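Inspection log for the structure reproduced underneath, given as structure tokens.
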Amino acid sequence: MSKIPVVAIIGRPNTGKSTLFNRIVGKRHAIVSDTPGTTRDPIAVRVNGDQINYLLMDTGGMGGGTEDEDFEDDVESQSVIALEHSDLIIFVVDAKEEITSSDYEVVNFLRKKRKKHVPVILAPSKCDNSEIISEIIPKFSELDVADNIIPVSATHGLGVDELEGVIEEKLLDMHFETPEDLDKTEASEKIPRIALVGRPNVGKSSIVNSLMSDPQRKIQGRIVSDVPGTTRDTADTSIKYHEKEYLILDTAGLRKKREFGIEAFAALRTLSAVESADVTLLVIDPTLGIGRQDKRIASLAIERGTGLIILVNKIDLLESEAKEYFRKMVQDAFAFCKWAPIVFMSAETCENLTKIFDIAEGVCENRKKRIETPILNRWFRDISAKHRPKGIGGKSAKAKYITQVDVAPPSFAVFTNDASRMHFSYLRFMENQLRDEFGFEGTPIRWIKRSKD
């Protein structure tokens, strides 16, 4: 299947990595501070470029020099793993300082740990004065580790456009697929991509094995163990059901937010799988209960706009009374996505196993569903007559018109006299009414508020 490339920003602590990351993604996702070592966990955010999309990852500082020596080794280990598994690397150095021993240590990591074909872009940061650029480039050329040297000032945006252009150029040269390529692939293949996601040891690999035919299982069978974390990377398995092909992505178990070592890489690949999936299957083990991490995974799927199905595995271990009790627990815990189907199944006994395909097929169709504007606005006039929108600041926003602007996920624009005054509760009311009328089971819905002008 198509893979979204991973671009990692690396460097010693406090060189401006997080500031550059925030400038490129356009939001303050990473914490920025003058304290060396502020970023500990790798943070990855999808960037929709002009020609190609990629996951941009901010990493902790390498080469020492933080004020948190207790975590320094773990943070560096995470950053090295990110370096080893990235498709392009941005090496950030501080242009206002001389090259340090820590910079040279990062250079050694680059030479020893990165894949040989992976390009490196050296980005001297904090270049607020364009007059010093002519002095900067020869100085950092001595590191002899990069394909390109692009001085930047993330704070002022200088050089960032050029950097983004080179990133996309390099990824295209490596033959990663563009959104247009992916659209053509989808149109020709139409193979639904289904990501199995959940905490460690909930039975994801067992589900994949149970879905395989006996000959396929002998060749492609996943290792199953009671030891949490047996699966370390995402694996793609093609499964046929009723003559239709599905691509199942078995991902590593997502642990709590602080992950070190190989777990950090596993979490990154899981995020990449959800990014490229049509439907996310959140697998829950009732014997482990429902944790915050399960809700976090559901929120991730909603944020990424994939379909969502909640699978409660290992129901063969529950009595009928316990099943109903746990069903109520699931409904309460995931009230924020009550539109997501809940399937009680068992990979061990194969109970309700094939329901996954039927429901996933319906969710895929709902993600692509489009409602004609005249039909949508007749419905909109009916509900507007029953419920006047709440406003912010004492005034109500009068909704005038609605149209569907996109699919996968379905996205709707609401035109009002003043979008800033439209209360979120009114959009929630409209979504509930929209689902009652048109379905959309299993898919998130996006809303865009627009003023009439």
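Among residues belonging to the range 2-12 that are modelled with pLDDT under 90 and of a type outside the set (Lys, Arg), point out the one that is farthest from Phe91 (Cα to Cα). First the steps, then the outcome.
So the first thing to find is which residues in the range 2-12 are modelled with pLDDT under 90, and the list is 2-6.
Now drop any that are not of a type outside the set (Lys, Arg), which leaves 2, 4-6.
On the way: Ser2: 26, Ile4: 20, Pro5: 17, Val6: 14 Å.
The residue in question is Ser2.
Hey, can you tell me all the residues within the range 311-338 that are surrounded by 12 or more Cβ atoms within 10 Å (Cβ to Cβ) and assigned to a loop (DSSP other than H, G, I, E, B)?
Asn313, Lys314, Leu318, Phe334
Please verify whether Asn417 is farther than 30 Å from Gly203 by Cβ and surrounded by fewer than 16 Cβ atoms within 10 Å (Cβ to Cβ), treating the condition exactly as stated.
Working: farther than 30 Å from Gly203 by Cβ: yes; surrounded by fewer than 16 Cβ atoms within 10 Å (Cβ to Cβ): yes.
Here the answer is yes, as Asn417 does meet what is asked.
Quick one: what pairs do we get from the range 282-306, first residue under 20 Å from Ile356 (Cα atoms) and in contact (Cβ under 8 Å) with a residue 40 or more places away in the chain, second crowded, with 18+ Cβ neighbours inside 10 Å and among the charged types (D, E, K, R), C-beta under 7 Å, 6+ apart or different chains?
Between residues of the range 282-306 that are under 20 Å from Ile356 (Cα atoms) and in contact (Cβ under 8 Å) with a residue 40 or more places away in the chain and residues that are crowded, with 18+ Cβ neighbours inside 10 Å and among the charged types (D, E, K, R), the close pairs are Leu282/Asp294; Val283/Lys204; Ile284/Asp294; Asp285/Lys314; Pro286/Lys314; Asp294/Arg199; Thr306/Asp278.
Is it the case that some residue within the range 339-357 is more than 29 Å from the chain's Cα centre (by Cα), β-branched (Val, Ile, Thr) and exposed (fewer than 15 other Cβ atoms within 10 Å of the Cβ)? Full working, then the answer.
Narrowing the range 339-357 to residues more than 29 Å from the chain's Cα centre (by Cα): 348-351.
Adding the requirement that they be β-branched (Val, Ile, Thr) leaves 349.
Filter once more, keeping what is exposed (fewer than 15 other Cβ atoms within 10 Å of the Cβ): 349.
For the range 339-357, residues more than 29 Å from the chain's Cα centre (by Cα), β-branched (Val, Ile, Thr) and exposed (fewer than 15 other Cβ atoms within 10 Å of the Cβ): present.
Tally up the residues in the range 106-126 that are under 17 Å from Met174 (Cβ atoms) and in a loop (DSSP other than H, G, I, E, B), please. Quick ask: steps written out before the conclusion?
Within the range 106-126, the first condition is being under 17 Å from Met174 (Cβ atoms), and the residues that meet it are 114-121.
From the residues that got through so far, the ones that are in a loop (DSSP other than H, G, I, E, B) too are 114-119.
Matching residues across the range 106-126 total 6.
Starting from the range 169-185, keep only residues that are farther than 17 Å from Val120 by Cα, then list their pairs with residues that are at pLDDT 75 or above and among the hydroxyl-bearing types (Ser, Thr, Tyr) whose Cβ atoms are within a distance under 9 Å, requiring at least 6 positions of separation or different chains.
If the second residue must be at pLDDT 75 or above and among the hydroxyl-bearing types (Ser, Thr, Tyr), the pairs left are Leu182/Ser276.
Inspect all residues belonging to the range 93-105 and state whether any of them is buried (at least 21 other Cβ atoms within 10 Å of the Cβ), assigned to a strand (DSSP E or B) and within 29 Å of the chain's Cα centre (by Cα).
The answer is yes, given that some residue of the range 93-105 is buried (at least 21 other Cβ atoms within 10 Å of the Cβ), assigned to a strand (DSSP E or B) and within 29 Å of the chain's Cα centre (by Cα).
Out of (1) closer than 29 Å to Val363 by Cα; (2) surrounded by 15 or more Cβ atoms within 10 Å (Cβ to Cβ); (3) at pLDDT below 90, the odd one out for Ile402 is which?
If we test Ile402 against (1) closer than 29 Å to Val363 by Cα; (2) surrounded by 15 or more Cβ atoms within 10 Å (Cβ to Cβ); (3) at pLDDT below 90, just (3) comes out false.
For every residue, the table says whether it meets (1) part of a strand (DSSP E or B); (2) more than 25 Å from the chain's Cα centre (by Cα).
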position	(1), (2)
Tyr401	yes, yes
Gln404	yes, no
Ala408	no, no
Ser420	no, yes
Ser425	no, yes
Met430	no, yes
Phe440	no, no
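The values are calculated or read from the model by the stated rules, or taken from the named source; none is laboratory data. This structure is a prediction, so every number in the text was calculated from the model and none was measured. Ideal geometry is used to build each Cβ from the backbone, glycine not excepted, and the neighbour counts take in all protein chains shown.
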